[in-house]
Amino acid sequence: MRTSLNIPEEMIAEFDQTWQAEGLDSRSRALREAIQEYVESHHSLEQAHGTVAATLVFDYVHDEIIETLHEIQHEYQAVIDTTCHVHHGEWCLESVFCHGDAAEIRSLVYQLKDFDAVGRVSVTLLRVESEHTAQDDSHHSSHDGNK
């Protein structure tokens, strides 16, 4: 299927440099791979149920969103364990470490993605509670003993 996209020139130039440096044979192949990664990451978040651990990483323009971002973080404090924040000029990079109900974390992600001032949101699911093994329990216990 053929399609057309509106992409800023700087972004497509950087995209082209990236796929060419990786040795891919065409922009179409690179786009298919990028779309597949997007679909896979979206499905893993959509299909998660029960208790999960996740990291959310996003960038944003500080002045345009900071007050609302703090409100959202307070709204989701039941699933947010900790955050890490760094500045890069007018942009900020935030890492949010979450543990809790998958539906709540999914809702948090969707709220973050809804802001124009947020550049992108990356989600990594670290563990689904139902996949938790006895080995994982002993690993967690060894950390608890070091407190």
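The values are calculated or read from the model by the stated rules, or taken from the named source; none is laboratory data. Note that the coordinates shown come from a computational prediction; the quantities given were computed from them, not determined experimentally. Because the Cβ atoms are built from the backbone with ideal geometry, glycine has one as well, and the counts that use them run over all protein chains shown.
Quick one: is residue 81 of a type outside the set (A, V, I, L, M, F, W, C) and out of contact with any helix residue (DSSP H, G or I) (no Cβ under 9 Å at 6 or more places or on another chain)? I'd like the intermediate steps shown before the answer.
Values: of a type outside the set (A, V, I, L, M, F, W, C): yes; out of contact with any helix residue (DSSP H, G or I) (no Cβ under 9 Å at 6 or more places or on another chain): yes.
Taking the combined requirement at face value, the residue satisfies it.
So, residue 3, is that one among the β-branched types (Val, Ile, Thr), more than 30 Å from residue 100 (Cβ to Cβ) and either in the same structural domain as residue 98 (by TED's automatic domain parsing) or part of a loop (DSSP other than H, G, I, E, B) (or both) or not? Walk me through it before giving the result.
On the way: among the β-branched types (Val, Ile, Thr): yes; more than 30 Å from residue 100 (Cβ to Cβ): yes; either in the same structural domain as residue 98 (by TED's automatic domain parsing) or part of a loop (DSSP other than H, G, I, E, B) (or both): yes.
Yes; evaluated as a whole, the condition is true for this residue.
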When residue 82 is run through (1) hydroxyl-bearing (Ser, Thr, Tyr); (2) in contact with a Cys (Cβ under 6 Å, 6 or more places away or on another chain); (3) under 18 Å from residue 124 (Cα atoms), the failure sits at (2)
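Can you pull out every residue in the range 69-109 that is of a type in the set (Gly, Ala, Ser) and assigned to a loop (DSSP other than H, G, I, E, B)? Spell out the reasoning first.
Residues of the range 69-109 of a type in the set (Gly, Ala, Ser): 78, 89, 95, 100, 102-103, 107.
Matches in the range 69-109: 78, 89.
To keep it simple, each residue is scored yes or no on (1) free of Cβ contacts under 8 Å to residues at least 60 places away in the same chain; (2) assigned to a helix (DSSP H, G or I); (3) closer than 28 Å to residue 104 by Cβ; (4) touching a Pro at 6+ places or on another chain (Cβ under 9 Å).
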{"position": "25", "(1), (2), (3), (4)": "yes, no, no, no"}
{"position": "29", "(1), (2), (3), (4)": "yes, yes, no, no"}
{"position": "36", "(1), (2), (3), (4)": "yes, yes, yes, no"}
{"position": "39", "(1), (2), (3), (4)": "yes, yes, yes, no"}
{"position": "44", "(1), (2), (3), (4)": "no, yes, yes, no"}
{"position": "60", "(1), (2), (3), (4)": "yes, no, yes, no"}
For the subset of the range 11-41 comprising residues that are under 25 Å from residue 95 (Cα atoms) and loosely packed, with under 12 Cβ neighbours inside 10 Å, which member is modelled with the highest pLDDT?
14
Does residue 49 satisfy the criteria of being over 14 Å from the mean Cα position of the chain (by Cα) and surrounded by 11 or more Cβ atoms within 10 Å (Cβ to Cβ)?
yes
Reported set for the range 62-87 where residues are surrounded by fewer than 12 Cβ atoms within 10 Å (Cβ to Cβ) and in contact (Cβ under 8 Å) with a residue 24 or more places away in the chain is 63, 78, 87
Just name the residue that is nearest to residue 53 (Cα to Cα) out of those in the range 92-118 that are surrounded by 13 or more Cβ atoms within 10 Å (Cβ to Cβ) and at pLDDT below 90.
115
In the range 110-126, anything out of contact with any Lys or Arg (no Cβ under 7 Å at 6 or more places or on another chain) and part of a strand (DSSP E or B) is listed as 118, 119, 120, 122, 123, 124, 125, 126
